[in-house]
Amino acid sequence: MTNGYSIISDLSEKIFMVFYVIIVFSLILSMSTYSVIFPNLQFNINNIQRVCFSCLLLMSLFNLKKKYIFLALLIIFFGVASFYFTKSALFLYNIILVLSSSLCYFNRLVKIFFYTATFTTSAVIVSSLIGIIPNLIMIREESSVLRYALGFNHVNNLGSILTILFFCSWYLFRKKNFTLLIINCLFIFLSQAILNSRTSLIIMFIFILIYAFINKYVLSDYLLFFYAVVLSFIVGATIYFSIHIANDKLDLLFSGRLGYLYKTHALHGFTYLGQYLGLENQIAKESVFYVSKNHIILDNAFGRMMMEYGFISLITFSFTLYFCIKEAIKYDDTILVLIFLSIVCISFSELYPIDFRLNLFPLFLLSRKANNIKLLRGHL
(Lines give C-alpha, C1' and ligand atoms only; values in the text may rest on other atoms or scores of the structure.)
Protein backbone atom coordinates (compact mmCIF):
# COMPACT_ATOMS: atom_id res chain seq x y z
CA MET A 1 0.00 0.00 0.00
CA THR A 2 2.82 2.35 0.91
CA ASN A 3 4.65 1.77 -2.36
CA GLY A 4 1.44 2.22 -4.33
CA TYR A 5 0.65 5.44 -2.52
CA SER A 6 4.20 6.67 -3.10
CA ILE A 7 3.94 6.01 -6.84
CA ILE A 8 0.60 7.85 -7.06
CA SER A 9 2.02 10.70 -4.98
CA ASP A 10 5.10 11.07 -7.20
CA LEU A 11 2.96 10.94 -10.33
CA SER A 12 0.62 13.59 -8.91
CA GLU A 13 3.59 15.83 -8.17
CA LYS A 14 4.91 15.50 -11.72
CA ILE A 15 1.49 16.25 -13.22
CA PHE A 16 1.15 19.24 -10.90
CA MET A 17 4.53 20.51 -12.08
CA VAL A 18 3.46 20.29 -15.73
CA PHE A 19 0.32 22.33 -15.10
CA TYR A 20 2.24 24.77 -12.89
CA VAL A 21 4.85 25.41 -15.59
CA ILE A 22 2.07 26.11 -18.10
CA ILE A 23 0.38 28.52 -15.65
CA VAL A 24 3.59 30.48 -14.91
CA PHE A 25 4.66 30.55 -18.56
CA SER A 26 1.26 31.73 -19.80
CA LEU A 27 0.92 34.33 -17.03
CA ILE A 28 4.24 36.00 -17.83
CA LEU A 29 3.46 35.82 -21.55
CA SER A 30 0.14 37.58 -20.92
CA MET A 31 2.03 40.41 -19.21
CA SER A 32 4.13 41.02 -22.34
CA THR A 33 3.51 43.01 -25.51
CA TYR A 34 3.13 39.78 -27.49
CA SER A 35 -0.58 40.60 -27.19
CA VAL A 36 0.05 43.43 -29.68
CA ILE A 37 1.16 40.89 -32.31
CA PHE A 38 -1.41 38.26 -31.32
CA PRO A 39 -4.70 40.03 -30.43
CA ASN A 40 -6.35 36.80 -29.23
CA LEU A 41 -3.43 35.86 -26.98
CA GLN A 42 -5.08 36.93 -23.72
CA PHE A 43 -8.31 35.09 -24.58
CA ASN A 44 -6.43 31.88 -25.39
CA ILE A 45 -4.27 32.16 -22.26
CA ASN A 46 -7.38 32.59 -20.10
CA ASN A 47 -8.86 29.40 -21.57
CA ILE A 48 -5.61 27.48 -21.07
CA GLN A 49 -5.42 28.59 -17.44
CA ARG A 50 -9.04 27.62 -16.81
CA VAL A 51 -8.27 24.08 -18.02
CA CYS A 52 -5.11 23.90 -15.89
CA PHE A 53 -6.85 25.08 -12.73
CA SER A 54 -9.80 22.74 -13.30
CA CYS A 55 -7.40 19.79 -13.52
CA LEU A 56 -5.47 20.95 -10.44
CA LEU A 57 -8.72 21.23 -8.48
CA LEU A 58 -9.74 17.68 -9.36
CA MET A 59 -6.26 16.38 -8.51
CA SER A 60 -6.17 18.12 -5.14
CA LEU A 61 -9.63 16.85 -4.14
CA PHE A 62 -8.70 13.32 -5.26
CA ASN A 63 -5.56 13.34 -3.10
CA LEU A 64 -7.12 14.91 0.02
CA LYS A 65 -8.00 12.76 3.01
CA LYS A 66 -11.73 12.24 3.39
CA LYS A 67 -11.94 14.24 6.63
CA TYR A 68 -10.63 17.34 4.81
CA ILE A 69 -12.91 17.12 1.76
CA PHE A 70 -15.81 19.03 3.32
CA LEU A 71 -13.54 21.83 4.57
CA ALA A 72 -11.91 22.10 1.14
CA LEU A 73 -15.31 22.28 -0.58
CA LEU A 74 -16.42 24.98 1.86
CA ILE A 75 -13.34 27.08 1.08
CA ILE A 76 -13.86 26.54 -2.65
CA PHE A 77 -17.47 27.69 -2.21
CA PHE A 78 -16.20 31.06 -0.96
CA GLY A 79 -13.90 31.22 -3.98
CA VAL A 80 -16.83 30.59 -6.33
CA ALA A 81 -18.91 33.20 -4.47
CA SER A 82 -16.06 35.69 -4.87
CA PHE A 83 -15.95 34.93 -8.60
CA TYR A 84 -19.71 35.48 -8.85
CA PHE A 85 -19.63 38.89 -7.16
CA THR A 86 -16.33 40.24 -8.55
CA LYS A 87 -16.32 38.64 -12.03
CA SER A 88 -12.67 37.78 -11.31
CA ALA A 89 -11.36 34.26 -10.71
CA LEU A 90 -8.22 35.41 -8.88
CA PHE A 91 -9.32 34.44 -5.36
CA LEU A 92 -10.61 31.07 -6.62
CA TYR A 93 -7.32 30.46 -8.46
CA ASN A 94 -5.41 31.25 -5.27
CA ILE A 95 -7.46 28.72 -3.31
CA ILE A 96 -6.87 26.01 -5.92
CA LEU A 97 -3.13 26.69 -6.00
CA VAL A 98 -2.82 26.51 -2.21
CA LEU A 99 -4.80 23.25 -2.07
CA SER A 100 -2.95 21.62 -4.97
CA SER A 101 0.47 22.73 -3.66
CA SER A 102 0.12 19.94 -1.09
CA LEU A 103 1.05 17.61 -3.96
CA CYS A 104 4.53 19.12 -4.29
CA TYR A 105 7.64 19.74 -2.19
CA PHE A 106 8.13 23.46 -1.70
CA ASN A 107 11.82 23.51 -2.65
CA ARG A 108 10.98 21.87 -5.99
CA LEU A 109 8.13 24.33 -6.47
CA VAL A 110 10.45 27.31 -6.00
CA LYS A 111 13.03 25.78 -8.31
CA ILE A 112 10.59 25.08 -11.15
CA PHE A 113 9.12 28.58 -10.81
CA PHE A 114 12.56 30.20 -10.83
CA TYR A 115 13.74 28.48 -14.00
CA THR A 116 10.39 28.78 -15.82
CA ALA A 117 10.01 32.48 -14.97
CA THR A 118 13.67 33.22 -15.77
CA PHE A 119 13.42 31.52 -19.16
CA THR A 120 10.11 33.17 -20.11
CA THR A 121 11.17 36.63 -18.89
CA SER A 122 14.50 36.38 -20.72
CA ALA A 123 12.71 35.33 -23.91
CA VAL A 124 10.39 38.35 -23.67
CA ILE A 125 13.29 40.76 -23.02
CA VAL A 126 15.34 39.37 -25.92
CA SER A 127 12.28 39.54 -28.20
CA SER A 128 11.88 43.24 -27.38
CA LEU A 129 15.57 44.03 -27.85
CA ILE A 130 15.71 42.46 -31.32
CA GLY A 131 12.46 44.13 -32.39
CA ILE A 132 10.03 41.21 -32.48
CA ILE A 133 7.69 42.86 -29.97
CA PRO A 134 7.35 46.52 -28.90
CA ASN A 135 9.63 47.85 -26.15
CA LEU A 136 7.48 50.42 -24.36
CA ILE A 137 9.16 53.51 -22.90
CA MET A 138 7.50 55.39 -20.07
CA ILE A 139 8.39 58.65 -18.32
CA ARG A 140 8.22 59.28 -14.59
CA GLU A 141 6.52 62.67 -14.54
CA GLU A 142 8.13 64.21 -11.46
CA SER A 143 11.70 63.48 -12.61
CA SER A 144 11.40 62.98 -16.42
CA VAL A 145 13.27 59.68 -16.04
CA LEU A 146 12.85 57.22 -18.92
CA ARG A 147 11.65 53.76 -17.91
CA TYR A 148 12.00 50.83 -20.33
CA ALA A 149 9.46 48.01 -20.08
CA LEU A 150 11.66 45.58 -22.12
CA GLY A 151 8.78 43.82 -23.82
CA PHE A 152 6.24 44.00 -20.99
CA ASN A 153 2.99 45.94 -20.88
CA HIS A 154 4.27 48.06 -18.01
CA VAL A 155 7.60 48.47 -16.24
CA ASN A 156 5.96 47.45 -12.95
CA ASN A 157 5.09 44.07 -14.46
CA LEU A 158 8.76 43.30 -15.07
CA GLY A 159 9.65 44.83 -11.70
CA SER A 160 7.25 42.47 -9.92
CA ILE A 161 8.71 39.44 -11.70
CA LEU A 162 12.27 40.51 -10.84
CA THR A 163 11.34 40.98 -7.18
CA ILE A 164 9.87 37.47 -6.91
CA LEU A 165 12.90 36.03 -8.74
CA PHE A 166 15.12 37.94 -6.30
CA PHE A 167 13.38 36.20 -3.39
CA CYS A 168 13.62 32.83 -5.17
CA SER A 169 17.36 33.29 -5.71
CA TRP A 170 17.91 33.90 -2.00
CA TYR A 171 15.88 30.82 -1.15
CA LEU A 172 17.61 28.55 -3.66
CA PHE A 173 21.20 29.82 -3.69
CA ARG A 174 21.76 30.82 -0.06
CA LYS A 175 24.83 28.58 0.12
CA LYS A 176 26.26 29.78 -3.20
CA ASN A 177 27.55 33.26 -2.39
CA PHE A 178 29.07 34.06 -5.78
CA THR A 179 25.95 32.98 -7.72
CA LEU A 180 23.77 34.97 -5.34
CA LEU A 181 25.99 38.04 -5.71
CA ILE A 182 25.80 37.96 -9.52
CA ILE A 183 22.01 37.50 -9.52
CA ASN A 184 21.49 40.29 -6.98
CA CYS A 185 23.69 42.72 -8.94
CA LEU A 186 21.76 41.92 -12.14
CA PHE A 187 18.34 42.40 -10.52
CA ILE A 188 19.38 45.64 -8.80
CA PHE A 189 20.83 47.01 -12.05
CA LEU A 190 17.66 46.19 -14.01
CA SER A 191 15.41 47.61 -11.28
CA GLN A 192 17.23 50.94 -11.07
CA ALA A 193 19.00 51.64 -14.38
CA ILE A 194 16.37 50.24 -16.77
CA LEU A 195 13.02 50.10 -14.96
CA ASN A 196 13.54 52.83 -12.37
CA SER A 197 11.33 50.70 -10.10
CA ARG A 198 11.68 52.28 -6.66
CA THR A 199 9.69 49.67 -4.76
CA SER A 200 11.69 46.73 -6.12
CA LEU A 201 15.01 48.48 -5.47
CA ILE A 202 14.11 49.51 -1.91
CA ILE A 203 12.81 46.06 -0.99
CA MET A 204 15.95 44.38 -2.36
CA PHE A 205 18.27 46.64 -0.37
CA ILE A 206 16.22 46.39 2.83
CA PHE A 207 16.05 42.60 2.49
CA ILE A 208 19.84 42.32 2.18
CA LEU A 209 20.47 44.73 5.09
CA ILE A 210 18.04 43.00 7.44
CA TYR A 211 19.46 39.59 6.59
CA ALA A 212 22.94 40.89 7.35
CA PHE A 213 22.15 42.46 10.73
CA ILE A 214 19.09 40.89 12.35
CA ASN A 215 18.51 37.45 13.89
CA LYS A 216 15.48 35.22 13.93
CA TYR A 217 14.68 35.81 17.62
CA VAL A 218 13.93 39.47 16.99
CA LEU A 219 11.69 38.52 14.10
CA SER A 220 9.93 35.91 16.17
CA ASP A 221 9.35 38.08 19.28
CA TYR A 222 7.88 41.05 17.42
CA LEU A 223 6.19 39.20 14.58
CA LEU A 224 2.61 39.51 15.86
CA PHE A 225 3.08 43.16 16.85
CA PHE A 226 4.54 44.05 13.44
CA TYR A 227 1.76 42.29 11.56
CA ALA A 228 -0.96 43.88 13.70
CA VAL A 229 0.51 47.34 13.10
CA VAL A 230 0.63 46.77 9.33
CA LEU A 231 -3.01 45.64 9.07
CA SER A 232 -4.27 48.30 11.48
CA PHE A 233 -2.47 50.99 9.52
CA ILE A 234 -3.80 50.01 6.12
CA VAL A 235 -7.42 49.64 7.31
CA GLY A 236 -7.27 52.80 9.42
CA ALA A 237 -5.65 54.87 6.67
CA THR A 238 -8.30 53.69 4.23
CA ILE A 239 -11.35 54.45 6.35
CA TYR A 240 -10.22 57.52 8.27
CA PHE A 241 -7.95 59.22 5.72
CA SER A 242 -8.57 62.99 5.75
CA ILE A 243 -7.02 66.08 4.18
CA HIS A 244 -4.15 66.94 6.51
CA ILE A 245 -0.52 67.88 5.95
CA ALA A 246 0.76 64.79 7.79
CA ASN A 247 -1.46 62.54 5.69
CA ASP A 248 -0.41 64.38 2.54
CA LYS A 249 3.25 63.69 3.30
CA LEU A 250 2.51 60.08 4.15
CA ASP A 251 0.45 59.72 0.99
CA LEU A 252 3.31 61.22 -1.03
CA LEU A 253 5.64 58.56 0.38
CA PHE A 254 3.30 55.89 -1.04
CA SER A 255 2.91 57.76 -4.37
CA GLY A 256 -0.73 58.64 -3.71
CA ARG A 257 -1.83 55.10 -2.92
CA LEU A 258 -3.40 55.93 0.45
CA GLY A 259 -5.42 58.75 -1.09
CA TYR A 260 -6.73 56.46 -3.80
CA LEU A 261 -7.65 53.88 -1.17
CA TYR A 262 -9.72 56.51 0.60
CA LYS A 263 -11.39 57.66 -2.63
CA THR A 264 -12.19 54.09 -3.65
CA HIS A 265 -13.65 53.38 -0.22
CA ALA A 266 -15.70 56.58 -0.37
CA LEU A 267 -17.10 55.61 -3.79
CA HIS A 268 -17.74 51.90 -3.24
CA GLY A 269 -17.11 50.94 0.38
CA PHE A 270 -16.41 47.25 0.89
CA THR A 271 -18.45 44.05 1.22
CA TYR A 272 -17.85 40.66 2.79
CA LEU A 273 -17.77 38.64 -0.44
CA GLY A 274 -16.54 41.28 -2.88
CA GLN A 275 -17.96 43.45 -5.62
CA TYR A 276 -17.32 44.19 -9.28
CA LEU A 277 -15.20 47.33 -9.77
CA GLY A 278 -14.04 46.85 -13.35
CA LEU A 279 -10.45 46.11 -12.32
CA GLU A 280 -10.09 42.73 -14.02
CA ASN A 281 -6.85 41.66 -15.73
CA GLN A 282 -5.02 44.36 -13.79
CA ILE A 283 -1.73 42.49 -13.41
CA ALA A 284 -1.72 41.44 -17.04
CA LYS A 285 -2.32 44.97 -18.34
CA GLU A 286 -0.76 47.64 -16.15
CA SER A 287 -0.09 48.68 -12.58
CA VAL A 288 -0.60 52.44 -12.72
CA PHE A 289 -3.25 53.95 -10.51
CA TYR A 290 -5.69 56.78 -11.04
CA VAL A 291 -9.31 57.65 -10.45
CA SER A 292 -11.69 58.98 -13.07
CA LYS A 293 -15.46 59.14 -13.40
CA ASN A 294 -15.86 55.65 -14.79
CA HIS A 295 -12.58 53.83 -14.21
CA ILE A 296 -10.56 53.07 -11.10
CA ILE A 297 -7.20 51.36 -10.79
CA LEU A 298 -6.15 50.44 -7.26
CA ASP A 299 -2.49 49.45 -6.92
CA ASN A 300 -2.42 48.14 -3.35
CA ALA A 301 -2.72 44.49 -2.35
CA PHE A 302 -4.48 44.92 1.01
CA GLY A 303 -6.74 47.67 -0.29
CA ARG A 304 -7.58 45.74 -3.46
CA MET A 305 -8.47 42.67 -1.43
CA MET A 306 -10.74 44.65 0.87
CA MET A 307 -12.44 46.80 -1.79
CA GLU A 308 -12.91 44.34 -4.65
CA TYR A 309 -12.58 40.82 -3.26
CA GLY A 310 -14.26 41.46 0.07
CA PHE A 311 -13.41 41.50 3.75
CA ILE A 312 -13.40 37.69 3.97
CA SER A 313 -10.78 37.55 1.20
CA LEU A 314 -8.67 40.16 3.01
CA ILE A 315 -8.78 38.18 6.25
CA THR A 316 -7.96 34.97 4.36
CA PHE A 317 -5.02 36.60 2.57
CA SER A 318 -3.73 38.14 5.81
CA PHE A 319 -3.95 34.94 7.85
CA THR A 320 -2.37 32.95 5.02
CA LEU A 321 0.70 35.21 5.20
CA TYR A 322 0.65 35.11 9.00
CA PHE A 323 0.60 31.31 9.24
CA CYS A 324 3.25 31.09 6.51
CA ILE A 325 5.53 33.26 8.67
CA LYS A 326 4.80 31.11 11.73
CA GLU A 327 5.55 27.97 9.72
CA ALA A 328 8.82 29.46 8.44
CA ILE A 329 9.84 30.29 12.02
CA LYS A 330 9.01 26.72 13.00
CA TYR A 331 11.53 25.54 10.39
CA ASP A 332 14.12 28.11 11.62
CA ASP A 333 14.32 29.63 8.16
CA THR A 334 15.28 33.30 8.50
CA ILE A 335 15.37 33.89 4.76
CA LEU A 336 11.83 32.62 4.30
CA VAL A 337 10.61 34.73 7.23
CA LEU A 338 12.23 37.80 5.68
CA ILE A 339 10.65 37.01 2.32
CA PHE A 340 7.17 36.92 3.86
CA LEU A 341 7.75 40.12 5.85
CA SER A 342 8.98 41.77 2.64
CA ILE A 343 5.80 40.63 0.87
CA VAL A 344 3.75 42.25 3.64
CA CYS A 345 5.62 45.54 3.09
CA ILE A 346 5.33 45.29 -0.71
CA SER A 347 1.58 44.85 -0.35
CA PHE A 348 1.30 48.53 0.63
CA SER A 349 2.33 49.72 -2.81
CA GLU A 350 2.03 46.80 -5.22
CA LEU A 351 -0.76 44.54 -6.41
CA TYR A 352 1.00 41.31 -7.38
CA PRO A 353 1.32 39.77 -3.85
CA ILE A 354 -2.37 38.79 -4.02
CA ASP A 355 -1.80 36.73 -7.19
CA PHE A 356 -0.35 33.38 -6.10
CA ARG A 357 0.44 32.49 -9.70
CA LEU A 358 3.25 35.03 -9.48
CA ASN A 359 3.77 35.30 -5.73
CA LEU A 360 4.31 31.61 -5.09
CA PHE A 361 5.54 31.86 -1.48
CA PRO A 362 2.10 31.58 0.22
CA LEU A 363 1.99 28.08 -1.30
CA PHE A 364 4.52 27.19 1.40
CA LEU A 365 1.61 26.87 3.84
CA LEU A 366 0.31 23.49 2.62
CA SER A 367 3.18 22.30 0.41
CA ARG A 368 4.91 19.09 1.35
CA LYS A 369 7.86 19.29 3.76
CA ALA A 370 10.63 16.72 4.08
CA ASN A 371 14.04 16.29 5.66
CA ASN A 372 15.79 17.12 2.40
CA ILE A 373 14.18 20.56 2.43
CA LYS A 374 16.00 21.37 5.68
CA LEU A 375 19.29 20.98 3.88
CA LEU A 376 18.45 24.11 1.91
CA ARG A 377 17.43 26.13 4.94
CA GLY A 378 19.77 28.41 6.83
CA HIS A 379 19.46 30.89 9.63
CA LEU A 380 21.64 33.42 11.37
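The values are calculated or read from the model by the stated rules, or taken from the named source; none is laboratory data. Being a predicted model, the structure only gives us computed values, none of them experimental. Cβ sites come from the backbone with ideal geometry, for glycine too, and all protein chains shown count toward neighbours.
Just a few scattered comments:
- Of the residues making up segment 324-356, those that are assigned to a helix (DSSP H, G or I) and among the aromatic types (Phe, Trp, Tyr) are PHE340, TYR352.
- Boolean, ILE315 is in a helix (DSSP H, G or I), surrounded by fewer than 23 Cβ atoms within 10 Å (Cβ to Cβ) and at pLDDT 80 or above: yes
- Restricting ALA284, ALA266, ALA328 to residues that are modelled with pLDDT under 85, buried (at least 16 other Cβ atoms within 10 Å of the Cβ) and aliphatic (A, V, I, L, M) narrows the list to ALA284.
- For segment 287-312, the set of residues classified as under 27 Å from LEU41 (Cα atoms) and at pLDDT below 50 consists of SER287, VAL288, PHE289, TYR290, ASN294, HIS295, ILE296, listed by residue number.
- Subset of segment 357-380 that is touching a Phe, Trp or Tyr at 6+ places or on another chain (Cβ under 8 Å), assigned to a loop (DSSP other than H, G, I, E, B) and modelled with pLDDT of 50 or more - its residue that is nearest to SER101 (Cα to Cα): SER367
- Tabulated pairs, segment 124-144, first within 18 Å of PRO39 (Cβ to Cβ) and at pLDDT below 90, second of a type in the set (Phe, Trp, Tyr) and outside any loop (DSSP other than H, G, I, E, B), C-beta under 9 angstrom, 6+ apart or interchain: LEU136/TYR148; LEU136/PHE152
- Summed over segment 20-41, the residues that are within 25 Å of LEU97 (Cα to Cα) and free of Cβ contacts under 8 Å to residues at least 40 places away in the same chain give a count of 3.
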